[in-house]
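Below is one structure, written out as structure tokens, with a few remarks after it.
What follows draws every value from the coordinates through simple rules; no lab data is involved. In this text the structure is predicted, and so the values were computed from the model without any measurement. Neighbour counts run over all protein chains shown; Cβ positions are idealised from the backbone, glycine included.
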């Protein structure tokens with residue numbers, strides 16, 4: 001009976017650069033997993049209630065790795081806040097807006113902000129907690145303002161286009177418009193549970209959410225549009241113009 005020898009495994013070492021690349025990818029994956037876990041834990045329990053051991057367990061890592069990559073629980077929390085801002089910034093940048101049609105572009109921005117808040121409740125929970133702490137941690141971030149500039153710049157271009165076409169009021173500024181859009185969506189969603197009890201309505205019902213999206217859209221257009229009355233029944237599809 002003939003026997004075949006098993007192929008010999010190569011004992012050649014991988015190049016140093018390749019080994020370094022593997023280690024770097026592994027380290028980045030560990031860091032990313034810790035950050036993702038921290039977002040969930042801090043959103044659920046706040047800064048004070050979120051414990052390092054909870055985060056390391058959720059990340060399937062070790063407490064020491066949190067201190068190795070982030071230095072402290074507070075610095076991890078700061079980076080969590082930066083990360084949720086960064087994610088929204090990335091999503092905003094991906095919007096395919098036609099600023100040559102400023103009303104439609106503005107409606108798209110309004111709906112984006114509203115639906116982003118709806119789909120990312122952890123963002124609202126984290127911001128609620130940080131505001132209770134009077135912004136103690138976010139003020140230590142060197143990157144937070146990087147993420148507000150693009151959002152305001154988008155609105156600035158839309159406003160400029162609308163003004164140039166005689167559609168929008170010239171005295172408006174993008175910063176005020178951004179606060180208006182954000183606050184109308186943020187307040188509703190961050191207070192939906194207490195509002196439901198106070199008003200005796202289910203503020204999370206699909207019809208209620210759709211109604212508020214239309215309300216935000218129409219409210220913004222009423223503020224922005226020059227010499228126009230905006231029908232409140234259907235957003236951009238129900239715009240009616242009338243000289244005032």
Quick one: check the C-alpha center-to-center distance for the range 94-134 versus the range 178-212, whole angstrom. 14 Å
What FRET efficiency comes out for the pair residue 67/residue 91, r = Cβ-Cβ distance, R0 = 30 Å, nearest 0.05? 0.45
Ranked list, fewest to most other Cβ atoms within 10 Å of each Cβ, for 187, 168, 215: 187, 215, 168
Mind checking the full-extension length gain between residue 215 and residue 191? Use 0.36 nm per residue of separation minus the Cα-Cα distance, one decimal, nm. 7.0 nm
In this structure, the FRET efficiency calculated for residue 32 and residue 132 from their beta-carbon separation, with R0 = 22 Å, to the nearest 0.05, is 0.20
Inter-label distance, nm, simple model (7 Å from Cα along the C-beta direction), residue 226/residue 182: 2.8 nm
Express in nm, to one decimal, how much length is gained between residue 202 and residue 160 on full extension, taking 0.36 nm for each residue of separation and deducting their alpha carbon distance. 11.2 nm
Which FRET efficiency, nearest 0.05, do residue 149 and residue 45 yield, Cβ-Cβ r, R0 30 Å? 0.45
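Taking the number of other C-beta atoms within 10 Å as the exposure measure, put 117, 67 in order starting with the fewest.
With the sparsest Cβ surroundings first, the list reads 67, 117.
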Semi-axes of the equivalent ellipsoid of the range 104-156: what are they in whole Å, largest first, if each equals the square root of 5 times a C-alpha gyration tensor eigenvalue? 24, 16, 7
